[in-house]
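Asks: What follows is a single structure, and I will ask about it in a moment.
The values are calculated or read from the model by the stated rules, or taken from the named source; none is laboratory data. It should be emphasised that the depicted structure is a prediction, and the values quoted were computed from it without experimental measurement. Using ideal geometry, Cβ is built from the backbone for each residue, glycine included, and neighbour counts are taken over all protein chains shown. The accessibility values were calculated without ligands, DNA or RNA, using every heavy atom of the protein model including side chains. Shrake-Rupley method; radii C 1.70, N 1.55, O 1.52, S 1.80 Å.
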Amino acid sequence: MTLTLEHIAKHVGAEAHIHPLSASLGTAGFNILLGATNAGKTTLIKLIAGLEKPTSGRILLGDQDITKISPQRRRVSLVHQFFVNYPHMSVAENIASPLRVAGMSGDEIDRRVAEAAEILRLTPYLARRPAELSGGQQQRTALARAIVKDADIVLLDEPLANLDYKLREELRDQLPRLFADRGSVVVYATSEPSEALMLGGQTLTLHEGRLTQAGPTPEVYRDPADLTTAEVFSDPPINRAEVVKEAGEILLGALASWPSPPGMAEAPDGRYLLAIRPHFVTPEAPSHREDHPPAIPLTGTVQITELSGSESVAHFDLGGLPWVSQSPGTHPYRLGEAHRFFVDPGGCLYFHPDGSRLAHTRREAA
């Protein structure tokens, strides 16, 4: 089963909430909608669910045009980031509610509720009402209701955003298994690039209501089609700077220079945009390899540090540019002091001044 969006657009008055976009969403893995707040993720989910009508375009489920079909007839399950449960019903009754509406037999309802409760560790709480549950338990109840329905389309709108860190990590690991082999088209909206990478499948990057790129998640991450996609798919924020290609060299102002990489050989001399993710900028020079160009040294003034037991993040000023370094371990940064950083040239992405990617600098890995 494939969910196809054909030139879908949504306008409210003169304002475009979704610019015309087309995409094909399948049942093999999750379909991730990745973008910041106001990128259009929730609007797109509402259009797929039938809660809003598109201004133009069509939505097809398989060969069936469902654009004008009511939400009740679309066989859709929707889970919001703000869990929605019926307060007067027990957990078991909440989970069973879509099955009762569908007229399923009592024995089959009991079987499915028990199975979903076991998967989501809700069995001890089946007799409780939502007010007697923690936030995580309430969200798991909403997820259980989505699982038992066996819907054609499952829409998850940032479903883990309001849960504590430990529960988010657990459910991120469980979710792909929960919906595997169910034959549903699963659409998962998130603003977190790390979540998209963990869930895999295919990712659609959204920015201000526009679809910037779609494809297998690792490919979109490693090979962004433009600077906007690279920025959407980077957390901490991707580092960027204007560079000049001149006589076989890449010049970052007076701060640094390095040999033009092979992929830039066909590009004419001139100005370009450089982008590099923070984990390619480290406070220690990596071990030199003969098959890899040497690291590029830079000096920046440390402004903010974020330290944990597993990694260090340093925000630093690089000649007036806000850059970020992300590296394993704990490093002795001092605020306001100059610090040496090293850039892995293999992680550099090059773009035209308008933000479009140089075709001959496509990457196979990052």
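Asks: Test of understanding: among E158, E208, which residue is out of contact with any Phe, Trp or Tyr (no Cβ under 8 Å at 6 or more places or on another chain), modelled with pLDDT of 95 or more and at positive phi?
Replies: Details: E158 fails: modelled with pLDDT of 95 or more.
Selected residue: E208, the only one of E158, E208 that is out of contact with any Phe, Trp or Tyr (no Cβ under 8 Å at 6 or more places or on another chain), modelled with pLDDT of 95 or more and at positive phi.
Asks: Let me ask something additional. Can you list residue pairs whose Cβ atoms sit under 6 Å apart, with the first residue in segment 112-127 being touching a residue at least 12 places away in the same chain (Cβ under 8 Å) and within 11 Å of N94 (Cβ to Cβ) and the second being among the polar types (S, T, N, Q) and open to solvent by 60 Å² or more (accessible area, probe 1.4 Å)? Count only pairs 6 or more apart in sequence or on different chains.
Replies: Correct list of pairs: A117/T123.
Asks: Looking only at strands (runs of 3 or more DSSP E) that lie completely in segment 266-339, which have at least 2 residues being surrounded by fewer than 15 Cβ atoms within 10 Å (Cβ to Cβ) and more than 27 Å from the chain's Cα centre (by Cα)?
Replies: On the way: elements: 270-276, 296-307, 311-318, 321-328.
It comes to 270-276, 296-307.
Asks: Moving on. If I69 satisfies all but one of (1) more than 22 Å from P124 (Cα to Cα); (2) crowded, with 18+ Cβ neighbours inside 10 Å, what's the number of the condition it fails?
Replies: (2)
Asks: Quick check: is even one residue across segment 251-258 on the phi < 0 side of the Ramachandran plot and touching a Ser or Thr at 6+ places or on another chain (Cβ under 7 Å)?
Replies: yes
Asks: Moving on to the next point. Tell me, which residue of segment 113-148 that is modelled with pLDDT of 85 or more and polar (S, T, N, Q) is surrounded by the fewest Cβ atoms within 10 Å (Cβ to Cβ)?
Replies: Going through the qualifying residues, I end up with S134.
Asks: Which pairs turn up if I take residues in segment 34-51 that are in a loop (DSSP other than H, G, I, E, B) and look for partners that are among the charged types (D, E, K, R) with beta carbon separation below 6 Å, at least 6 apart in sequence or on another chain?
Replies: Hits for this filter: G35/K41; G50/R74.
Asks: Consider L211 carefully, then state whether it is part of a strand (DSSP E or B), surrounded by fewer than 24 Cβ atoms within 10 Å (Cβ to Cβ) and of a type outside the set (K, R). Reasoning before the result, please.
Replies: Details: part of a strand (DSSP E or B): yes; surrounded by fewer than 24 Cβ atoms within 10 Å (Cβ to Cβ): yes; of a type outside the set (K, R): yes.
So L211 passes the test.
Asks: For segment 239-248, which positions are open to solvent by 20 Å² or more (accessible area, probe 1.4 Å) and within 24 Å of the chain's Cα centre (by Cα)?
Replies: R240
Asks: Go through segment 82-102 residue by residue and tally those that are in a loop (DSSP other than H, G, I, E, B) and open to solvent by less than 60 Å² (accessible area, probe 1.4 Å).
Replies: Filtering segment 82-102 down to residues in a loop (DSSP other than H, G, I, E, B) leaves 82-90, 102.
Keeping just the survivors that are open to solvent by less than 60 Å² (accessible area, probe 1.4 Å) gives 85, 89-90.
Qualifying residue count for the region: 3.
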